[in-house]
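Enquirer: Quick one: the structure is below, questions incoming.
The values are calculated or read from the model by the stated rules, or taken from the named source; none is laboratory data. Keep in mind that this is a model prediction, so the values were computed, not measured. Cβ placement follows ideal geometry from the backbone for every residue including glycine, while neighbour counts extend to all protein chains displayed. These accessible areas exclude ligands, DNA and RNA; they are computed on the full protein's heavy atoms, side chains included. Shrake-Rupley method; radii C 1.70, N 1.55, O 1.52, S 1.80 Å.
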Amino acid sequence: MSRYPVFKGLLLLLLLSIFPPAHGQPKKTDYFPAKNLMEIGVYYYPEHWPREQWERDLKNISKLGFSFTHFGEFAWALMEPEEGKYDFAWLDEALAIAAKNNVRVIMCTPTPTPPLWLTQKHPEILMVDENGRQIQHGSRSHASWSSAVYRQYVEKIVNKLAQKYGNDLRVWGWQLDNEPSHYGAYDYSPAAQANFRKWLQTKYGTIDELNRIWGTVFWSQKYQTFDQIQIPNPKQFVQPANPHAMLDFKRFSADEVAAFLEVQRSILRKNISPKQWITTNFMASHAPVDPWRNANLDMITYTTYPVSGYESGVGKQGFRMGNPQTIGMANALFHPINGVSGVMELQVGQVNWGGLYNPQQLPGAVRMWLWHVFAGGHSLTCTYRYRQARFGGGEQYAIGVVGPDGVTPTRGGLEYQQVIGEMNKLKAQYDPKAQMPAQLAARKTAFLWSPDNEWEIQFQPQTQQWDTRGHIAKYFNAATSFGAPVSYINEQTDFSQYPVLVAPAYELLDQKLVEKWKAYAEGGGHLVLTCRTGQKDRNGHLWEAKWVGVLQELIGAEILYFDLMPPDNPGTIKVGDQTYSWNNWGDIIEAKNGTTVLAAYADQYYAGKAAAITRKLGKGTVTYIGIDTDDGKLEKELLRGVFGRAGIAVEDYPAGVVTGWRDGFSVALNYSSDMQEIKLPDNAQVLIGEKTLPPAGVVIWKMPK
Ligand code: GAL
């Protein structure tokens with residue numbers, strides 16, 4: 001009991017009046033009530049169209065059923081036509097028309113397109129690419145995230161927008177920048193050079209420590225001061241760069257983009273209403289970005305174009321539907337980051353960029369993608385864009401919701417309209433008390449993810465046959481075919497929520513993670529480690545131990561060495577009486593007592609040695625799969641065995657069938673080119689579609705209360 005309760009209360013009041021609490025962060029349910037399921041919207045660029053068409057367009061957007069639109073991410077030159085002179089009249093007008101038509105607005109910060117007056121006055125804000133070329137003005141994403149000058153201008157325009165629209169509740173939420181990624185390019189500008197040196201100094205403290213961790217004694221790379229360090233640019237070496245410098249540069253670049261976004265987020269958060277949320281639209285696949293670094297955004301969204309001319313999909317018509325893992329893996333990665341997520345750009349028709357070819361999507365595919373996104377638990381989906389652009393931007397072939405006449409809906413546009421209608425039907429069936437069926441919960445599978453591993457392997461892949469994301473996809477697709485709900489998680493997550501945990505090619509780790517894995521398995525979890533895991537410590541150094549010595553005790557085996565085979569002369573592996581061929585990667589393993597061999601090499605001079613093993617540990621199991629094959633069939637069977645031995649019942653869906661569950665609704669989709677019959681529970685109440693699915697078909701059902 002306090003002796004001075006009244007005094008303490010007064011003191012608290014006084015402190016609160018001096019330091020008022022920051023805007024309280026609303027919970028997910030405040031921004032996106034679960035009963036609304038998934039809101040659907042569309043990008044509109046008022047600045048691209050004659051003023052007299054805005055009224056018609058926004059009215060039609062509303063008539064099609066879209067509940068929100070998206071303004072301004074490339075409009076800096078219109079918002080601030082001259083330095084310090086702002087023009088928001090056009091935006092005010094567009095906002096008013098949107099509101100009149102009950103269309104809410106996502107307002108964007110226009111930072112991917114700094115205006116010409118800015119890049120001419122300060123050319124030093126432009127990024128420099130790996131060839132040493134300063135990027136020209138005239139496209140987008142050309143400014144350096146590291147430039148202090150650019151950041152000052154960014155802060156000004158973001159502040160201005162926050163003051164202007166931060167308490168205008170016609171603005172629903174905010175998007176920072178657009179696809180922050182530099183589209184995979186790295187920045188070698190002087191600003192990036194300077195910040196990299198500072199970053200290294202903060203990380204290592206002394207140059208001696210940097211020399212030690214970077215192993216600069218190798219090839220006389222030793223530095224005396226941080227000022228001597230150059231960003232390692234593989235284009236400027238005749239032989240490989242220092243791997244530790246490369247990894248640090250990737251980590252640094254991810255920190256730079258995260259900090260660039262955080263500057264904007266914190267300005268907005270200080271100035272806008274707590275009722276408005278903040279997000280950015282990450283790309284699902286572009287280095288150097290790591291969305292976990294911005295987990296404090298109110299919502300995490302991503303962009304996706306499942307058919308862009310590179311995908312073969314499943315079966316003859318697969319190229320018109322895309323690969324099921326495109327949306328599947330992105331859902332699994334982005335939704336769990338903070339549990340509030342969306343898709344900010346989901347394709348509506350052919351894209352503009354040069355794939356190998358840019359086919360029409362199969363009728364129904366856009367609708368299927370929307371339901372796939374829905375199954376990922378997202379609160380909103382938006383599509384790029386309402387009207388096909390008539391000019392500019394190299395995007396004339398990006399199909400919109402309506403065609404170049406501005407009024408005729410495209411096939412994809414009509415599929416959006418259809419899903420909006422179907423979503424309204426589902427909303428009427430929403431049950432706040434619905435729980436994930438026990439059978440599904442029992443299969444929950446987590447994939448442990450850290451971009452460090454991918455970055456490290458990218459630089460020393462060891463074989464051109466290796467593809468980290470492709471490796472993960474084999475396990476992801478296997479889990480999908482088992483009907484398992486999959487989440488990507490990071491090391492901070494409580495692993496015990498997931499009966500199965502897969503750490504694919506988790507190359508960099510420390511003893512602490514090994515201990516956490518051990519505790520997870522002892523507590524009843526089923527841990528699956530795959531080849532390349534644990535080869536190095538966090539600095540990218542090999543262990544001063546036997547090969548992957550750090551894992552020996554946990555996996556109950558010794559990894560003797562690894563082999564790689566020519567694709568036209570693959571090796572053979574036996575599992576029971578089945579044989580599989582492999583070539584990408586093979587760990588040659590010797591099991592210790594108590595460890596079971598699951599798969600063994602059937603040829604080569606090490607025939608008889610193990611390729612995959614498993615052991616019991618406490619209440620759970622540890623499985624090590626040391627092999628990477630081209631078709632992933634072996635990996636799938638080995639993963640099935642993990643579930644089987646754990647007593648977890650799984651499905652056996654054919655390739656292309658995707659299932660999911662959210663908010664009481666079960667979803668099944670067919671990305672394959674054949675008819676598929678989905679076995680529904682006897683008392684399932686079918687709400688949309690039917691159980692016989694044509695290619696791109698969808699069925700949604702719920703269970704009676
Ligand atoms: C997206 C981008 C949009 C637009 C679109 C074209 O990746 O964010 O701004 O360029 O592609 O299809």
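Enquirer: Cross-link candidates for Lys592: which aspartates and glutamates have Cα within less than 14 Å, leaving aside residues fewer than 8 places away along the same chain?
Expert: Excluding near neighbours in sequence, the set is Glu553, Glu558.
Enquirer: If DNA, RNA and ligands are ignored and the probe is 1.4 Å, what is the ranking of Lys516, Lys705 by accessible area, most exposed first?
Expert: Ranking Lys516, Lys705 by accessible area, largest first, yields Lys705, Lys516.
Enquirer: Over segment 360-500, what is the mean sequence separation of C-alpha contacts under 8 Å (at least six apart), divided by residue count, expressed as relative contact order in percent?
Expert: 21 percent
Enquirer: Can you list which of the GluC sites (Glu not before Pro) found in segment 528-631 are DSSP loop residues with at most 12 other C-beta atoms within 10 Å?
Expert: Taking segment 528-631 and a limit of 12 other Cβ atoms within 10 Å, the loop GluC sites (Glu not before Pro) found are Glu544.
Enquirer: Longer than 24 Å from Cα to Cα, which of Lys616/Lys679; Lys546/Lys636; Lys35/Lys275; Lys63/Lys425 are they? Say none if no pair is.
Expert: Lys616/Lys679; Lys546/Lys636
Enquirer: Please give me the summed charge of the neighbours of Tyr397: other residues whose Cβ is under 14 Å from its Cβ, Lys and Arg +1, Asp and Glu -1.
Expert: That works out to +2.
Enquirer: For segment 558-627, state which chymotrypsin sites (Phe, Trp or Tyr not before Pro) are in a DSSP loop and have at most 16 other beta carbons lying within 10 Å of their beta carbon.
Expert: Tyr605
Enquirer: To continue, here is another question. What is the chain's relative contact order, in percent, from Cα pairs under 8 angstrom and six or more apart in sequence?
Expert: In percent, rounded to a whole number, it is 10.
Enquirer: In addition: Can you run phi through the Karplus equation (6.51, -1.76, 1.60; θ = phi - 60°) for segment 524-532 and list ³J(HN,Hα) in whole Hz, with x for Gly and Pro?
Expert: Result, rounded to whole Hz: x, x, 10, 9, 10, 10, 10, 3, 6.
Enquirer: Run the 1.4 Å probe and let me know the accessible area of Lys121, rounded to the nearest 10 Å².
Expert: Using a 1.4 Å probe on the heavy atoms, I get roughly 110 Å².
Enquirer: Work out from phi, with θ = phi - 60° and the Karplus expression 6.51 cos²θ - 1.76 cosθ + 1.60, the ³J(HN,Hα) of each residue of segment 38-51, listed in order in whole Hz, and give x for Gly and Pro.
Expert: 10, 7, 10, x, 8, 6, 9, 10, x, 5, 8, 10, x, 3
Enquirer: How much mean residue ellipticity at 222 nm does the chain get from its helices, if each DSSP H run of length 4 or more adds -39500 (n - 2.57) and you divide by all residues, to the nearest 500 deg cm²/dmol?
Expert: Mean residue ellipticity, 222 nm, calculated: -9500 deg cm²/dmol.
Enquirer: Leaving ligands and nucleic acids out of the surface, order Ser181, Ser487 by accessible area at 1.4 Å, largest first.
Expert: Ser487, Ser181
Enquirer: First select every other residue whose beta carbon is under 11 angstrom from the beta carbon of Thr381; then total the charges, Lys and Arg +1, Asp and Glu -1.
Expert: In short, -2.
Enquirer: Sticking with this one: Just to confirm the filter: which trypsin sites (Lys or Arg not before Pro) across segment 271-333 are DSSP coil and have at most 14 other Cβ within 10 angstrom of their Cβ?
Expert: Hits after loop and neighbour filter: Lys275, Lys316.
Enquirer: Alpha carbon centre of segment 173-245 versus segment 82-133: separation in Å?
Expert: First find each Cα centre; the distance between them is then 30 Å.
Enquirer: Apply the Karplus parameterisation 6.51 cos²θ - 1.76 cosθ + 1.60, with θ equal to phi minus 60°, to every residue of segment 282-292 and state each ³J(HN,Hα) to the nearest whole Hz, in sequence, with x for glycine and proline.
Expert: 5, 8, 6, 10, 9, 5, x, 7, 10, x, 4
Enquirer: Pop out the carbon and sulfur fraction of the accessible area of segment 657-702 as a percent, whole number, probe 1.4 Å.
Expert: Carbon plus sulfur share of accessible area: 46 percent.
Enquirer: Would you mind pulling out the separation of the Cα centroids of segment 587-661 and segment 549-571, in Å?
Expert: 13 Å
Enquirer: Further question: Which whole-number percent gives the relative contact order of segment 20-148, counting Cα pairs below 8 Å spaced six or more residues apart?
Expert: The value is 22 percent.
Enquirer: Antiparallel versus total DSSP beta bridges in the chain: what percent is that, nearest 5?
Expert: 50 percent
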